[in-house]
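Some notes on the structure that comes next.
Derivation of every value follows stated rules applied to the coordinates shown; laboratory data play no part. None of these values were measured; they are calculated from a predicted model. Cβ placement follows ideal geometry from the backbone for every residue including glycine, while neighbour counts extend to all protein chains displayed.
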Amino acid sequence: MGLSVTGGVFYCDYGFQIFEFIRLLTIAKVGNLNSKDMNAYEQSLKIQRDNYSVRQAAVKDAKAEMAMEIAAELKKDGMPVEKIAMLTKLSEQEVHSL
């Protein structure tokens, strides 16, 4: 199989991007799995999706916590609540509660 590089993207002889080729190869392999291996594969996908969801929730929580910390500092410095709410995307009620 010949490979070429165009604009930093690898291509094989048939014009497929290498990543697309690998994706298609993976689909073909998955299609030929027996039921035991298919169950194991599906379980691994579920674990990957669950891990991704947990990471996304952690990032969301961290951003919310940071917004609260910033809002508390801005409030302490005397910035109007309305402006703090607009800048941090918190509600005015959340800013008042700080």
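Using every pair of separate Cα atoms, the Kirkwood estimate puts the hydrodynamic radius of segment 47-98 at 11.9 angstrom. Would you list, by chain and number, the lysines whose Cα falls below 16 Å from the Cα of LYS89, excluding same-chain residues fewer than 8 positions away? LYS89 reaches LYS60, LYS63, LYS75.
Exposure proxy for ASP77, ASP37: other Cβ atoms within 10 Å of each Cβ, ordered fewest to most, give ASP77, ASP37.
Which of GLU82, GLU92 has the fewest other C-beta atoms within 10 Å, and how do the rest follow up to the most?
Numbers: GLU82 10, GLU92 13.
So the residues, fewest neighbours to most, are GLU82, GLU92.
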